Amino acid sequence: MKMKSFLLTAIFIFFASSVTLSASSETQGGVAGEEAQQVKPYEPKSITQLSAAFLERTGINAILFPQEGVTNGHGEEMTLFEQSTGRVIMFVIIFLLFYLAIAKGFEPLLLLPIAFGGLLANIPIANMTSEHGMLGIIYNMGIANEFFPLLIFMGVGAMTDFGPLLSNPKTALLGGAAQFGIFGSLVGAAALSQYTGYVDFTLQQAGAISIIGGADGPTSIFIASRLAPELLGAIAVAAYSYMALVPVIQPPIMKMLTSEEERRIVMPKTREVKKLEKLIFPLIVVMMIAFVLPDAAPLMGSFALGNFAKESGVVDRLSNEMQNSLINIVTIFLGLGVGSKLASDSFLVAETLGIMVIGLLAFSVGTAAGVIMGKIMNRFSKEPINPIIGAAGVSAVPMAARVVSKVGAEARPGNVLLMHAMGPNVAGVIGSAVAAGVLLSIFN
Amino acid sequence: METDLVLESLKFMALGMGIVFLFLYTLVLLMQLQAFIVGKFFSNDKDSGGTTGSKSSNEIDEKRRIAAIIGAVMQHKK
């Protein structure tokens, strides 16, 4: 009996120790194998070798001596031009954007983070736009899936007062006419692509570019990331630059299309709007979207939520958060994420120039269509309508309305058109979201 | 057959502008309808922000006070 138990114990000890040994050797081997995959074993180097290896990893070296086979953040190979001169050109463009944002006050809230994102995206070797890079993470977190523009829209909704539109509903049609800029430039982009051969836009790309005519940053980014993510950087930069240029682009068009007499028209005071009307309005918009154009539901839904929270008057904490902290945080992320598309390999392409040209065309056509609609409405309406308020139909809230008011006051000092222009202005936001929904419904 | 981009985009334009106007026009009608309904059945509701010359609260309080006085006088006369 003793013998048996002794033998059993001996076998058990032998077995246990052999298993432990083999397991530990396997573990060591496994760890060593993984480490070999991740980190190269260090070999002793001379100080010259160390310095040379360091120099190879510098940005100056990467820019001055570009090499074949270097990939961008998405694993695509970069051309020699994109690695060297391209980066330098982008640095110059980015410094120009900084200048415009800071010294000239061009939409600094977005242009500054966009430009800084672009600066970071163009740093060689760091690969910040890759999946694990900071910009790449931000981009995938909220732009690739179109989330950030919607949060911005929520904040804009919480800041918007529909009072001026509700007091004079028919001015909403002016906001519709200005959307002609979107579809007019869609035709323009298609024609440019078909007849010149200079650029080769698909219909989806043409649609994404033409949304610039809606003068609505978040909508442009939303549509671009859905229809043509490769053009996102150029589209966002064009959209925000032209929005900032509203005071320069619009007045000449308004003056060209209207007589001095028309610009001097004084509009009657608008009626009082009840609080209940303002509260019901976002619900009407959402229900219309639900029945007519579900493709625009993400945009208009978040916009209406923000507005409803504000007008309800019972959730001030939420409404304040939407129009302050939330929109500010998202603006930082949105700017940096869009900036990641300002890397030389995605920005310095022939299409960018085409986008800039079509964007300007879209903006101008939208303004012109709004003013012409204003003239038509003035002719047929019982109450006088100053046609220049049609120019505010391109969204760009509230700058377009301010510009209209300024031009009106130039023609007749003391004539305040701001509140009248805010009607088409906020209708323009709805109009461009509807236009965006139509484009999405076409391509879905 | 290659797609005629311009022709397609012209169709998009016709559809897009049509929908935008139809949507906004319906919205105009609904706004007018709601203004009518709210004005008729909820006329006591006052605007908080006010886009143009809304009556000051003092003026409204004054009117209420006058109404209360008239009411009291009528009661007293009975």
Among the candidates A:Gly157, A:Gly184, which residue alone is closer than 21 Å to A:Ser302 by Cβ, among the small types (Gly, Ala, Ser) and touching a residue at least 40 places away in the same chain (Cβ under 8 Å)? A:Gly157
Please go through region A:421-438 and give me each residue that is closer than 16 Å to A:Val394 by Cβ and within 11 Å of chain B (Cβ to nearest Cβ), ordered by number. A:Met422, A:Gly423, A:Pro424, A:Ala427, A:Gly428, A:Ile430, A:Gly431, A:Ser432, A:Ala433, A:Val434, A:Ala435, A:Ala436
Checking A:Ser193 against (1) at the interface with chain B (Cβ under 7 Å from one of its Cβ atoms); (2) closer than 19 Å to A:Arg271 by Cα, which single condition isn't satisfied? (2)
Working only within region A:282-315, note down all residues that are over 22 Å from A:Ser432 (Cα atoms), in contact with a helix residue (DSSP H, G or I) (Cβ under 9 Å, 6 or more places away or on another chain) and surrounded by fewer than 20 Cβ atoms within 10 Å (Cβ to Cβ). A:Ser312, A:Gly313, A:Val315
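Could you say which residue among A:Ala144, A:Ala115, A:Ala103, A:Ala121 is free of Cβ contacts under 8 Å to residues at least 12 places away in the same chain and small (Gly, Ala, Ser)?
Details: A:Ala144 fails: free of Cβ contacts under 8 Å to residues at least 12 places away in the same chain; A:Ala115 fails: free of Cβ contacts under 8 Å to residues at least 12 places away in the same chain; A:Ala121 fails: free of Cβ contacts under 8 Å to residues at least 12 places away in the same chain.
Going through A:Ala144, A:Ala115, A:Ala103, A:Ala121 in turn, just one is free of Cβ contacts under 8 Å to residues at least 12 places away in the same chain and small (Gly, Ala, Ser): A:Ala103.
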Just a yes or no: is a residue in region A:265-281 at the interface with chain B (Cβ under 9 Å from one of its Cβ atoms), open to solvent by 70 Å² or more (accessible area, probe 1.4 Å) and among the hydrophobic types (A, V, I, L, M, F, W, C)? no
The conditions are (1) open to solvent by 10 Å² or more (accessible area, probe 1.4 Å); (2) among the aromatic types (Phe, Trp, Tyr); (3) touching a residue at least 60 places away in the same chain (Cβ under 8 Å), and A:Tyr195 fails exactly one of them. Which is it? (3)
So which of A:Ile376, A:Ile389 ends up being within 22 Å of A:Arg271 (Cβ to Cβ), out of contact with any Lys or Arg (no Cβ under 7 Å at 6 or more places or on another chain) and of a type in the set (Val, Ile, Thr)? A:Ile389
Kindly indicate whether any position in region A:83-92 is at pLDDT below 90 and either more than 30 Å from A:Thr331 (Cβ to Cβ) or open to solvent by 70 Å² or more (accessible area, probe 1.4 Å) (or both). no
Unique match (being more than 20 Å from B:Lys11 (Cα to Cα) and of a type outside the set (Ser, Thr, Tyr)) among A:Gly175, A:Gly184: A:Gly175
Given (1) within 14 Å of chain B (Cβ to nearest Cβ); (2) surrounded by fewer than 24 Cβ atoms within 10 Å (Cβ to Cβ); (3) among the polar types (S, T, N, Q); (4) touching a Pro at 6+ places or on another chain (Cβ under 9 Å), A:Thr331 misses just (1)
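Give the residue, chosen from A:Leu334, A:Leu326, that is modelled with pLDDT of 95 or more and under 20 Å from the mean Cα position of the chain (by Cα).
On inspection, the qualifying residue turns out to be A:Leu326.
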Is there any pair linking a residue in region A:168-179 that is more than 7 Å from every other protein chain (Cβ to nearest Cβ) to one that is open to solvent by less than 10 Å² (accessible area, probe 1.4 Å) and of a type in the set (Ser, Thr, Tyr), with Cβ under 9 Å and at least six apart or on different chains, and which? A:Ala178/A:Thr367; A:Ala178/A:Ser395; A:Ala178/A:Ser432
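Checking the conditions here, which among A:Ile430, A:Ile388, A:Ile372, A:Ile442 is buried (at least 24 other Cβ atoms within 10 Å of the Cβ) and farther than 18 Å from A:Gly163 by Cβ? Show your work before the answer.
Details: A:Ile430 fails: farther than 18 Å from A:Gly163 by Cβ; A:Ile372 fails: buried (at least 24 other Cβ atoms within 10 Å of the Cβ); A:Ile442 fails: buried (at least 24 other Cβ atoms within 10 Å of the Cβ).
Exactly one residue qualifies, and that residue is A:Ile388.
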Do we have any residue at all in region A:399-416 that's in contact with a Ser or Thr (Cβ under 8 Å, 6 or more places away or on another chain), within 13 Å of chain B (Cβ to nearest Cβ) and either among the aromatic types (Phe, Trp, Tyr) or over 16 Å from A:Asp216 (Cα atoms) (or both)? yes
Residue check, B:Asn58 against (1) closer than 30 Å to A:Gly213 by Cβ; (2) more than 7 Å from every other protein chain (Cβ to nearest Cβ); (3) at pLDDT below 65, all met but one. Which one? (1)
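The values are calculated or read from the model by the stated rules, or taken from the named source; none is laboratory data. Source: prediction; values computed, not measured. FYI the Cβ positions are ideal-geometry reconstructions off the backbone, even for glycines, and counts take in every protein chain you see. Ligands, DNA and RNA are stripped out before the accessible areas are found, and what is left, the full protein with its side chains, is counted by its heavy atoms. Shrake-Rupley method; radii C 1.70, N 1.55, O 1.52, S 1.80 Å.
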